[in-house]
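Below: the structure, in structure tokens.
The values are calculated or read from the model by the stated rules, or taken from the named source; none is laboratory data. The structure displayed is predicted, hence computed values, not measured ones. Note that we place each Cβ from the backbone using ideal geometry, even for glycine, and neighbour counts take in every protein chain shown. With ligands, DNA and RNA removed, areas are computed over all heavy atoms of the protein, side chains included. Shrake-Rupley method; radii C 1.70, N 1.55, O 1.52, S 1.80 Å.
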Amino acid sequence: MSHQQDRVRPEGSGTALSEAFDTALLDLDGVVYAGGEAIAHAVESLAEARAGGMHLAYVTNNALRTPDAVAEHLTELGVPAEPSDVITSAQAVARLVADQLPPGARVLAIGGEGLRVALRERGLVPVESADDDPAAVVQGYGGPDMTWGRFAEASYAIRRGLPWFASNTDLTIPGARGIAPGNGAAVEVVRIATGAEPQVAGKPLPPMHRETVLRTGAKRPIVVGDRLDTDIEGAFNGGVDSLLVLTGVTGAAQLLAAPPQHRPTYVDRDLRGLLTGQPEVVPAGEAYRCGGWTAAVRADALTLEGEGDALDGLRALCAAAWSYAGAGVCELKAEKALAGLGL
């Protein structure tokens, strides 16, 4: 495994990633599906990886749906999955709470069925009101129909001094009609009302990675995601390798500007990247070469010359940008270099 603190270019792999790693820890939205529909090449790629012996696990910060519901949805899309293959931030936060409260403790649950099921799994008792004698407050995404009164209940309890936990703090959540407020936005509402700070479990924080490894038994996992600030940073915090796919929220320009904790080990278009090796990015003087492309820094701008697979050009540009930025963020102009890649 690579030294992520020092990553200044995407890595190469002489074997298919599905052979180099025993378990793929896959994000769902933007990786496997979008708006409820399977992303192109996802179903076939996952089937081939599974047939080759790779264990597939699905790791989501969305605490609304139960693992049973997620597994059923995946199976309907053509990606056979069992509830035990699904790890949610609701499960991670429930373990975090159970580690700090006695069995049978009452917990004010501000969220959906996924959160309540996860709390019961850990021997906790979800309640609905601040007046039901809860020992803690747990907040998870409750869907678009969550009422303002639920945030009020959380605020009443937290102001009485109860510990506050949140499944995750993603400010947005993608949907069929666009981007909607996520659990992080709801957490901000309660934070503003109380001045308190929650303990957070979901990606990119360690409790989520711990929950995933405990449930999957992964020995050589690779995190596969579309978001730098949750999936890739979560892999960084967990000390494991990662594959960024460009089927979700992260674009090429954002990738070039990534600070060290957001730099993936590998970059590919979509989940077909699991089935192949990854090309090496090699230094060429003060430039970097990948495939038929050479990237460099000249006159405060990233430059790219050559031809071939556009993704190789992006990998070369990542090396030039990340090497230049070191431990910081690359703020060089990249529009011209990226224009010819069509990414």
Requested in this report: Compute the length gained on full extension between Glu305 and Ser84: take 0.36 nm times their separation in residues and subtract their Cα-Cα distance, giving the result in nm to one decimal.
Outcome: 74.8 nm
Query raised in the report: Once both labels are modelled 7 Å past Cα along the beta-carbon direction, what's the Glu286-Ala47 spacing in nm?
Result: 5.1
Requested in this report: Calculate one ³J(HN,Hα) per residue across the range 125-133 by plugging θ = phi - 60° into the Karplus curve 6.51 cos²θ - 1.76 cosθ + 1.60, and present them in order as whole Hz with x for glycine and proline.
Outcome: 10, x, 10, 9, 10, 5, 8, 8, 6
Query raised in the report: So who's got an amide H within less than 5 Å of the one on Val200, skipping anything under 5 residues away but keeping other chains? H placed 1.01 Å off N, in plane.
Result: Ala166
**Report entry** Built amide H within the under 5 Å cut-off of Val224, gap 5+
**Finding:** Leu25, Leu26, Asp27, Leu243
Query raised in the report: Which angle from 0 to 90°, rounded to the nearest 10, does the C-alpha axis of helix 310-325 make with the longest principal axis of the chain?
Result: 80
Query raised in the report: Along the range 242-255, what does the Karplus equation 6.51 cos²θ - 1.76 cosθ + 1.60 (θ = phi - 60°) give for ³J(HN,Hα), rounded to whole Hz, x for Gly and Pro?
Result: 9, 10, 8, 9, 9, 9, x, 7, 8, x, 4, 4, 5, 5
Report summary line: Given 143-150, 97-104, 60-67, the highest-first ranking by average Cβ count within 10 Å works out to 60-67, 97-104, 143-150
**Report entry** Peptides 108-115, 307-314 ordered by average Cβ neighbours within 10 Å, highest first
**Finding:** 108-115, 307-314
Report summary line: Expressed in angstrom and rounded, the centroid-to-centroid distance over alpha carbons for the range 212-233 and the range 67-139 is 20
Report task. Starting from the Cα of Arg106, step 7 Å toward the Cβ, then list every residue of the range 165-201 with an amide N under 18 Å from that point. Result -> 165
Requested in this report: Taking the chain as the reference, fit the longest principal axis to its C-alpha atoms, fit the long axis of helix 206-216 to the helix C-alpha atoms, and give the angle between the two in degrees, 0 to 90, nearest 10.
Outcome: 90
Query - Residue-count net charge about Ala69 - beta-carbon cut-off 12 Å; Lys, Arg +1, Asp, Glu -1 - result: -3
Query raised in the report: If you take the beta carbon distance between Leu343 and Glu76 as r and set R0 to 35 Å, what does 1/(1 + (r/R0)^6) give as a FRET efficiency, to the nearest 0.05?
Result: 0.70
Query raised in the report: Just how far, in whole angstrom, is the range 170-185 from the range 280-317 if you go by their alpha carbon centroids?
Result: 35
Query raised in the report: Ordered by residue, what ³J(HN,Hα) values in Hz, to whole numbers, does the range 281-289 give under the Karplus form 6.51 cos²θ - 1.76 cosθ + 1.60, where θ = phi - 60° and Gly and Pro are x?
Result: 9, 10, x, 9, x, 8, 10, 9, 10
Report summary line: Between Ile87 and residues 5 or more places away or on another chain, the pairs with built amide H atoms under 5 Å apart involve Tyr58, Val59, Thr60
Query raised in the report: When the helices in the chain are scored as -39500 (n - 2.57) per DSSP H run of 4 or longer and the sum is shared across all residues, what 222 nm value do you end up with, to the nearest 500 deg cm²/dmol?
Result: -9000 deg cm²/dmol
Report task. Working with all protein chains in place, sort Tyr58, Tyr141, Tyr156 by solvent-accessible area computed with a 1.4 Å probe, largest first. Result -> Tyr156, Tyr141, Tyr58
